[in-house]
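Notes follow the structure.
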Amino acid sequence: RRGRLALVGELCTDIADVPAFAAACETVYLSNNCFAALDGVQAFRHVVQLSLTNNCVLHLDRLEPLRSLEALVVLALEGNGVAALPGYRSRCLATCAVSLRRLDGRDVTPRERRDAAAADRRDRAVWDDL
């Protein structure tokens, strides 16, 4: 398996348009494109390292498709508007598989992992009240 896909700076807008062979890749670079949503990321069933830096993801609910990536260890989303939102890191940790060990260049601490679900529930309640 161990393949690598690099579609960096290609002005891609839809992850579903990524070639089918990419499903077997363990490393996927989709940085510097125009992705506003992560729908279709589920196709990368074997991805271990995923970079989606500098795209157009703005909303926390757009992170939900990451839930299906059970082998994901390293995720990079910096440079997206969503990464600047309060509760972003806890939402990622609550959404992604427990295999995630590094988010945006920072190690995931055991305490962060333990507290992520509760923090995300609290943050969702605040967002719902706005």
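The values are calculated or read from the model by the stated rules, or taken from the named source; none is laboratory data. Quick caveat: nothing in here was measured; it's all calculated off a predicted structure. We place every Cβ from the backbone using ideal geometry, glycine too, and count neighbours over all the protein chains shown. Ligands, DNA and RNA are excluded from the accessible area calculation, which covers all protein heavy atoms including side chains. Shrake-Rupley method; radii C 1.70, N 1.55, O 1.52, S 1.80 Å.
For the range 61-73, the set of residues classified as closer than 17 Å to Arg106 by Cα and either more than 12 Å from the chain's Cα centre (by Cα) or surrounded by fewer than 18 Cβ atoms within 10 Å (Cβ to Cβ) (or both) consists of Val73 only.
Per-residue answers, yes or no, for (1) open to solvent by 40 Å² or more (accessible area, probe 1.4 Å); (2) small (Gly, Ala, Ser):
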{"position": "Leu5", "(1), (2)": "no, no"}
{"position": "His59", "(1), (2)": "yes, no"}
{"position": "Ala76", "(1), (2)": "no, yes"}
{"position": "Arg91", "(1), (2)": "no, no"}
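Only one of the listed residues (Glu64, Glu70) is within 22 Å of Asp120 (Cα to Cα), part of a helix (DSSP H, G or I) and not aliphatic (A, V, I, L, M). That residue is Glu64.
Restricting attention to the range 13-60, the residues being among the basic types (Lys, Arg) and closer than 24 Å to Arg106 by Cβ number 0.
When only residues in the range 7-37 that are assigned to a loop (DSSP other than H, G, I, E, B) and hydroxyl-bearing (Ser, Thr, Tyr) count, which is surrounded by the fewest Cβ atoms within 10 Å (Cβ to Cβ)?
Only one residue fits best here, namely Thr13.
Here Ala97, Ala116 are screened, and the one residue that is open to solvent by less than 60 Å² (accessible area, probe 1.4 Å) and either in a helix (DSSP H, G or I) or in contact with a Pro (Cβ under 7 Å, 6 or more places away or on another chain) (or both) is Ala116. Determine whether Ala83 is in contact (Cβ under 8 Å) with a residue 12 or more places away in the chain, under 14 Å from Thr53 (Cα atoms) and either crowded, with 16+ Cβ neighbours inside 10 Å or among the hydroxyl-bearing types (Ser, Thr, Tyr) (or both). Answer is yes for this residue.
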